[in-house]
Amino acid sequence: MKTTALQFCLALLGLSCLAPAAEAPARRVRPPAIVSPDIQADRHVTFRLQAPKATEVLVNGQWTDGRAPMTKGSNGVWSVTMGPIEPGVWEYSFQVDGLAMIDPGNPALKPMRAPRTSILHLPGQPPLIHDFQDVPHGVVHQYTYRSQALGRLRELVVYTPPGYDKQPDARFPTLYLQHGSGDNQATWVAHGKAHWILDNLLAQGRAKAMVVVMMDGHAATGGGAGGPTSNTALFERDLLEDVLPFVEANYRVKTDAANRAIAGLSMGGGQALAIGLQHPDRFAWIGGFSSGLPDQDSLTGLLSQPEAANEKLKLLWIACGKDDFLLKRNLDFIALLTEKHIRHTWRPSEGAHSWPVWRGYLAEFVPLLFQP
């Protein structure tokens, strides 16, 4: 008797019914996510870190009384609640058995050459000048470009003011804004909140609309081989030969010195002072925030011709905190400018070498730019 295809399939089905059922694979259960930082409405903040084998964990924060030991729970999660913490944009890290590390539960990292701190942003009520506010906002553009002067790829960030794309016939002044030695081209936006500072100042009618260019200040390879002077010289070439032409070819900006400013903090302040004071025909507005100071030999032309400098420069604005380790060097530089009768604005302030101080400087400096 021949077996039909249907009978064969039914036979197979019967055998499968007699076979023991295969066990379902065990379902993997993910542990609950660690929430850190956990911000309460009263600005108390709980920090958590899963480190079951650690013996000591601390949190180190930039705010007042920001260092505290954490307590280990039965689940291996360490935690501590701190506060109320003052409104601001703060850096913090964990210290695990002596090792400093970022908070793995927090995606907000301070952009750095070697990232080691997380960001805690507590907005003020009412909002502070660097907080997000319901006002018109500009656009932040990020570029990778090939620097012909340095022979390699580099990074660049450009801010355009609110309404830039709706004003096709308008041309804008430009601020070249630099970071410090530990940071990079993204830090003024991600941590300094420069874009929100500009947006808020514009909404308050306190500043001119401008394009802001933020470059990578580390022009020398090998971690700055050759020292600050060599790095500044290479950075100057990249700025003048590559970035400035790129910006002026791709953005509607004015191209005379009266509509260009250069400023920076710490290392970037030194770069701004060195380049701006050597090229007053390119930059008429110069700002140094807690600056490393340029080599005096590089300023021979400026110091020997103070009348020419005073005629070309519209603003030379220098600020430093009273507890800043660079205060003495800035005071010496101010004394030199005074001795040579070079017009300048000296702005001593409270504070040390830190971002809360520099955000305030930017908010003071920007309204002074490009005014009659």
Would you please name the residue that is surrounded by the most Cβ atoms within 10 Å (Cβ to Cβ), looking only at residues in the range 86-119 that are under 17 Å from D183 (Cα atoms), modelled with pLDDT of 95 or more and of a type in the set (D, E, K, R)?
-> K110
When the range 145-171 is examined, which residues are found to be surrounded by fewer than 20 Cβ atoms within 10 Å (Cβ to Cβ), out of contact with any Leu (no Cβ under 9 Å at 6 or more places or on another chain) and part of a strand (DSSP E or B)?
-> R152, L153, R154, E155
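Yes/no per residue for (1) part of a helix (DSSP H, G or I); (2) in contact (Cβ under 8 Å) with a residue 24 or more places away in the chain; (3) not assigned by TED's automatic domain parsing to the domain that holds V213:
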{"site": "G264", "(1), (2), (3)": "no, yes, no"}
{"site": "S298", "(1), (2), (3)": "yes, yes, no"}
{"site": "L303", "(1), (2), (3)": "yes, yes, no"}
{"site": "L337", "(1), (2), (3)": "yes, no, no"}
{"site": "R359", "(1), (2), (3)": "yes, yes, no"}
Hey, among the residues in the range 296-332 that are among the hydroxyl-bearing types (S, T, Y) and exposed (fewer than 15 other Cβ atoms within 10 Å of the Cβ), which one's farthest from I262 (Cα to Cα)?
-> S304
Inspect the range 42-49 for any residue being over 34 Å from the mean Cα position of the chain (by Cα), at pLDDT 95 or above and either closer than 16 Å to G105 by Cβ or among the acidic types (D, E) (or both) and give the result as yes or no.
-> no
The range 275-289, residues that are touching a Leu at 6+ places or on another chain (Cβ under 9 Å) and either part of a loop (DSSP other than H, G, I, E, B) or over 15 Å from I318 (Cα atoms) (or both) = Q278, H279, P280, R282, F283, A284
Only one of these conditions is not met by A319: (1) touching a Lys or Arg at 6+ places or on another chain (Cβ under 7 Å); (2) in a loop (DSSP other than H, G, I, E, B). Which number is it?
-> (2)
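A quick yes/no check of all residues on (1) farther than 20 Å from N184 by Cα; (2) of a type in the set (G, A, S); (3) touching a residue at least 12 places away in the same chain (Cβ under 8 Å):
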{"position": "V77", "(1), (2), (3)": "yes, no, yes"}
{"position": "V96", "(1), (2), (3)": "yes, no, yes"}
{"position": "A100", "(1), (2), (3)": "yes, yes, yes"}
{"position": "L120", "(1), (2), (3)": "no, no, yes"}
{"position": "G124", "(1), (2), (3)": "yes, yes, yes"}
Taking into account only those residues within the range 149-199 that are aromatic (F, W, Y) and closer than 20 Å to P127 by Cα, which is nearest to the chain's Cα centre (by Cα)?
-> W188
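Every residue, every condition in (1) of a type in the set (S, T, Y); (2) outside any strand (DSSP E or B); (3) assigned by TED's automatic domain parsing to the domain that holds W358; (4) more than 27 Å from P127 (Cα to Cα), yes or no:
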position	(1), (2), (3), (4)
P52	no, yes, no, yes
T55	yes, yes, no, yes
N60	no, no, no, no
T64	yes, yes, no, no
S74	yes, yes, no, yes
W78	no, no, no, yes
E86	no, yes, no, no
W90	no, no, no, no
S93	yes, no, no, no
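The values are calculated or read from the model by the stated rules, or taken from the named source; none is laboratory data. The shown structure was predicted, so the numbers you read here are calculated from the model rather than taken from an experiment. We place every Cβ from the backbone using ideal geometry, glycine too, and count neighbours over all the protein chains shown.
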